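Derivation of every value follows stated rules applied to the coordinates shown; laboratory data play no part. Because the structure is predicted, anything quoted here is derived from the model rather than measured. Glycine also receives a Cβ, built like all others from the backbone with ideal geometry; neighbour counts cover every protein chain displayed.
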Amino acid sequence: MADLKAHFIDVEKGVVHYRRIRGAEEFERYKDLTKGLQSLDLHSLRGRDQKLAFWINIYNTAVIHGVIELGIENSVKEVSGFFDRVRYEIGGFHFSLNEMEHGILRGNRRHP
């Protein structure tokens, strides 16, 4: 996703043109790659550090993917229920952004 974003950054203004990404061929290739997550064996992730890195990266990527797909211009607050609406299928399970953040990354602990 970082490589994809790099092609659509306005360096002078310091912004990423997410709307332009949506129709890009590179984004279609990215979406094809994410389909591989559906068949990922989650048990292949070893150790706490590897699992944590995987889920942090997936979460951040899924947020950006959601921003692009839903045509958000300024804030995820533009879309009601954004963190429940954006979902990825990983290893045969469906995870919303909320489930990734609160259930997996924070282990259902209260926000600090």
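Condition check ((1) farther than 20 Å from His7 by Cα; (2) hydroxyl-bearing (Ser, Thr, Tyr); (3) in contact with a helix residue (DSSP H, G or I) (Cβ under 7 Å, 6 or more places away or on another chain)) across all residues:
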site	(1), (2), (3)
Gly23	no, no, no
Phe27	no, no, yes
Tyr30	no, yes, yes
Leu37	yes, no, no
Arg48	yes, no, no
Gly66	no, no, yes
Ile72	no, no, yes
Glu78	yes, no, no
Arg109	yes, no, no
For this session: Return a yes/no flag: does region 6-23 have any residue that is more than 26 Å from Leu105 (Cα to Cα), touching a Gly at 6+ places or on another chain (Cβ under 8 Å), charged (D, E, K, R) and part of a helix (DSSP H, G or I).
Result: yes
For this session: Output the qualifying pairs, or none if there are none: Cβ atoms under 7 angstrom, residues six or more apart or on different chains, first residue in region 21-38 and at positive phi, second residue surrounded by 10 or more Cβ atoms within 10 Å (Cβ to Cβ) and among the hydrophobic types (A, V, I, L, M, F, W, C).
Result: none
For this session: Only residues in region 54-67 that are without any contact (Cβ under 8 Å) to a residue 12 or more places away in the chain count as the first member; pair them with residues that are surrounded by fewer than 17 Cβ atoms within 10 Å (Cβ to Cβ), Cβ under 7 angstrom, at least 6 apart or cross-chain, and list the lot.
Result: Phe54/Leu45
